[in-house]
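Read the structure below first, then the notes.
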Amino acid sequence: MKLKEIIELLNAKVIVDGNIENVEIEKVTASDLMSDVLALGEEGSLLVTGLSSPQCIRTAGVVGIPAVLIVRNRDTMPETIEAAKLSGIILLSTKYSMFETCGILYAKGLKPVKV
């Protein structure tokens, strides 16, 4: 699924834009524990998290995740926005909870990363 479709589906706000038009997402990594993302995350997946600190951006960069979606309309730290800009990672926000977000994405055919 194109990232642009995910943004529309979740009524997500684009905080840091990247090359959204060309990003294809097939799997979702959902966690607030960045150690789990480092261990189980997959390159090219979408990171769904409630963590809004720069750590989520650094972790996404290490794993090769092109976009981070912060749930529950959490306030995003200026340092997180700057880290996303510097690393070229797309940063998004949605009003939905992590449970709702993952349910919506799963219902539309996106798969979880393998555990």
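Since every read-out is calculated from the coordinates, none of them should be taken as a lab result. Computed from a predicted model, the values in this text were never measured in an experiment. Neighbour counts are summed over all protein chains in view; Cβ atoms, including those assigned to glycine, are modelled from backbone coordinates with ideal geometry.
Name the residues whose placed amide hydrogens come within less than 5 Å of the amide hydrogen of Lys95, ignoring near sequence neighbours (fewer than 5 apart) on the same chain.
Amide H neighbours of Lys95, under 5 Å, 5+ apart: Asn73.
For segment 3-112, what is the number of Lys pairs with C-alpha distance below 19 angstrom, counting only pairs 8 or more positions apart or on separate chains?
Taking segment 3-112 as the scope, the lysine pair count is 11.
Counting alpha carbon pairs within less than 8 Å and at least 6 residues apart, what relative contact order, in whole percent, applies to the chain?
Value for the chain: 31 percent.
Using +1 at the C-beta of Lys and Arg and -1 at the C-beta of Asp and Glu, which of Asn22, Ala84, Thr101 has the Cα lying farthest in the positive direction of the dipole of the chain?
Positive-end residue among those listed: Thr101.
Determine the dipole magnitude for segment 3-112: charges of +1 sit on the beta-carbon of Lys and Arg, -1 on that of Asp and Glu, nothing else is charged, the reference point is the Cα centre, and the result goes in debye to the nearest 20.
200 debye
Test of understanding: in a Gaussian network model of the chain with alpha carbons linked when under 10 Å, which of Ser93, Ser53, Ser35 would top the mean-square fluctuation ranking?
Result for the chain, Cα springs under 10 Å: Ser35 fluctuates most.
From the gyration tensor of the Cα coordinates in the chain, what semi-axes in whole Å does the equivalent ellipsoid have, largest first, with each one equal to sqrt(5λ)?
Here the semi-axes work out to 18, 16, 14 Å.
Per residue of segment 77-91, in order, report the coupling 6.51 cos²θ - 1.76 cosθ + 1.60 (Karplus, θ = phi - 60°) as ³J(HN,Hα) in whole Hz, putting x for Gly and Pro.
Karplus-based 3J(HN,Hα) across segment 77-91 equals 5, x, 5, 5, 4, 5, 4, 5, 4, 5, 8, x, 9, 6, 10 Hz.
How big is the antiparallel share of DSSP beta bridges in the chain, given as a percent to the nearest 5?
Rounded to the nearest five, the antiparallel share is 25 percent.
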